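One structure is given here, and the rest of the page talks about it.
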Amino acid sequence: MSLPGDPGFEAASRPWSNAVTQQVRAAVELADADDAAALVRYARRAGASLSVQPNGHGASDDLEGIILVRTSKLDTIQVDPAARTARVGAGVAWGRVLAEAGPHGLTGLAGSSAAVNVTGFCLGGGLSWFGRKHGWAADSVTAFDIVDADGHPGRITATSDPDLFWALRGGGGDFALVTAIELDLHPAPAVFGGQMVWPGTTAPAVMTAFRDVTAHAPDELTVWFQQFQPPGSTTTLTSVLVAYLGDETTGRALLSGFDSIPGRLQDTRRMMAIADLGEIASEPTDPSPERFASELLTDIDDHTADALLQPITPLLAMEIRHLGGAFAQPSDSAAGPLTAPYCLIEIGMVTTPESKTAIEARRQQYRDALRPVLADRAPFTFLTPGDTAARAFTPAALTRLRTIKHSRDPYAIIRSNYPVLA
């Protein structure tokens, strides 16, 4: 256990985003599942709360007095190609799962970054490149190894404990300390993916093509639209990121609406190995002062498109992810069906108090302009400081989650980044 003032404490307690401040009571690196159980029992005796952050993604700035828990040493992984399953320790990142599953023609439901932790991603629902085909990443989890709020280890499945299993699948991790998960893998014999980039002046044409392609896209195809400014530049570029569970010929045909747009600067689309999935977005893997926010959009009509195409300054990027498909289907998880067909993500770099104010003002401008198409939810893994868990769930799901929390952890020993009782 590392305490304030100890050598290494600052690094041990730092979140992935340098724009978030965490005034935690202590930082602990778990050695194994037995260590996790001992820590929970200690916290219960001490009247303390624990918050698990495998690598600091999704951190909030509301952890004062909390014991921060790291899980990087819980790093075992077992892939069963015949059963199409994986057993993953709580410290494992998606890149390792993809690297081990890919040679067998299989994939897990990873998001845009291979550096993100598998367990934390699934506890928050998890928006994957392949979610339009297979739903939330949480929907593929079949079992959890946990330590409950009394310090007792257990294995949770749909039959052993239906309520807790439901809550852990997308409910945010507020209900037990998870030490490992088991999940289904999905066939991915071929993946065509990459990124196309144009000058920012082509954004209206790219947006038009994006709206048309996503209106008719099969569930195997995921397309994201992005406007961004490269670091240190004042030039805005427009890009489209794609992942298609299928062959190159069909993938290119489905995306042919983008081919007539002149001036393309880059096109990295290719048949790719599952292990290279993170190269599509090429997101940074090192900590940075990134600050992001998210909104769900019920439509992109002409008015919405115009609002989205306004200058993004002072943001670094504005991204629209196409959802729909299996996301909108019934889900026996706390994440539930996600009926909004698009997700807007706004990304900024907070380097000064003034930049933070400017970024938040730009986000409010988006909200004001997009109000007619704003849904009343945001994905849990995209919550940002100032949000609460209530924003991620339907009222019925939130009520059930709070009931389970009161029942399983009445003293709030286990605490997610955004607790359901806040």
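The values are calculated or read from the model by the stated rules, or taken from the named source; none is laboratory data. Fair warning: this is a prediction, and the values are worked out from it, not measured in the lab. All Cβ positions, glycine included, derive from the backbone under ideal geometry; neighbour counts span all protein chains shown.
For (1) of a type outside the set (V, I, T); (2) modelled with pLDDT of 80 or more, each residue gets a yes or a no:
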| residue | (1), (2) |
| --- | --- |
| F9 | yes, yes |
| A26 | yes, yes |
| A31 | yes, yes |
| A37 | yes, yes |
| V40 | no, yes |
| A43 | yes, yes |
| L50 | yes, yes |
| Q53 | yes, yes |
| S60 | yes, no |
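Could you say whether any residue in region 151-172 is crowded, with 23+ Cβ neighbours inside 10 Å and more than 18 Å from S331 (Cβ to Cβ)?
no
How many residues, within region 83-110, are surrounded by fewer than 21 Cβ atoms within 10 Å (Cβ to Cβ), in contact with a helix residue (DSSP H, G or I) (Cβ under 9 Å, 6 or more places away or on another chain) and part of a loop (DSSP other than H, G, I, E, B)?
Matching residues across region 83-110 total 2.
Out of R391, R400, I need the residue that is more than 29 Å from L315 (Cα to Cα), at pLDDT 90 or above, in a helix (DSSP H, G or I) and out of contact with any Leu (no Cβ under 6 Å at 6 or more places or on another chain). Which one?
Only one candidate passes the filter, namely R400.
Just a yes or no: is a residue in region 198-218 at pLDDT 95 or above, under 22 Å from the mean Cα position of the chain (by Cα), more than 28 Å from I77 (Cβ to Cβ) and aliphatic (A, V, I, L, M)?
The answer is no, given that none of the residues of region 198-218 is at pLDDT 95 or above, under 22 Å from the mean Cα position of the chain (by Cα), more than 28 Å from I77 (Cβ to Cβ) and aliphatic (A, V, I, L, M).
With respect to R70, is the statement that it is outside the structural domain of T339 (by TED's automatic domain parsing), closer than 29 Å to A328 by Cα, basic (K, R) and more than 16 Å from the chain's Cα centre (by Cα) true? Spell out how you get there, then give the answer.
Numbers: outside the structural domain of T339 (by TED's automatic domain parsing): yes; closer than 29 Å to A328 by Cα: no; basic (K, R): yes; more than 16 Å from the chain's Cα centre (by Cα): yes.
Considered against the rule, which asks whether it is outside the structural domain of T339 (by TED's automatic domain parsing), closer than 29 Å to A328 by Cα, basic (K, R) and more than 16 Å from the chain's Cα centre (by Cα), R70 comes out as no.
Quick one: would you say S355 is more than 30 Å from G200 (Cα to Cα), touching a residue at least 12 places away in the same chain (Cβ under 8 Å) and either of a type outside the set (V, I, T) or assigned to a helix (DSSP H, G or I) (or both)? Reasoning before the result, please.
Details: more than 30 Å from G200 (Cα to Cα): no; touching a residue at least 12 places away in the same chain (Cβ under 8 Å): yes; either of a type outside the set (V, I, T) or assigned to a helix (DSSP H, G or I) (or both): yes.
No, not satisfied.
Show the residue pairs meeting these rules: Cβ distance below 8 Å; 6+ apart or different chains; first residue within region 36-49 and within 11 Å of V69 (Cβ to Cβ) and in contact (Cβ under 8 Å) with a residue 12 or more places away in the chain; second residue of a type in the set (D, E) and surrounded by 15 or more Cβ atoms within 10 Å (Cβ to Cβ).
Within 8 Å, the pairs are V40/D148.
For A378, state whether it is part of a loop (DSSP other than H, G, I, E, B), under 13 Å from A335 (Cβ atoms) and touching a residue at least 60 places away in the same chain (Cβ under 8 Å).
When the stated conditions are applied, A378 passes them.
For every residue, the table says whether it meets (1) under 30 Å from F228 (Cβ atoms); (2) in contact with a Cys (Cβ under 9 Å, 6 or more places away or on another chain); (3) assigned to a strand (DSSP E or B); (4) modelled with pLDDT of 95 or more.
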{"residue": "T313", "(1), (2), (3), (4)": "yes, no, no, no"}
{"residue": "P330", "(1), (2), (3), (4)": "no, no, no, no"}
{"residue": "C343", "(1), (2), (3), (4)": "yes, no, yes, yes"}
{"residue": "R362", "(1), (2), (3), (4)": "yes, no, no, no"}
{"residue": "A396", "(1), (2), (3), (4)": "no, no, no, yes"}
{"residue": "S407", "(1), (2), (3), (4)": "no, no, no, yes"}
{"residue": "P410", "(1), (2), (3), (4)": "no, no, no, no"}
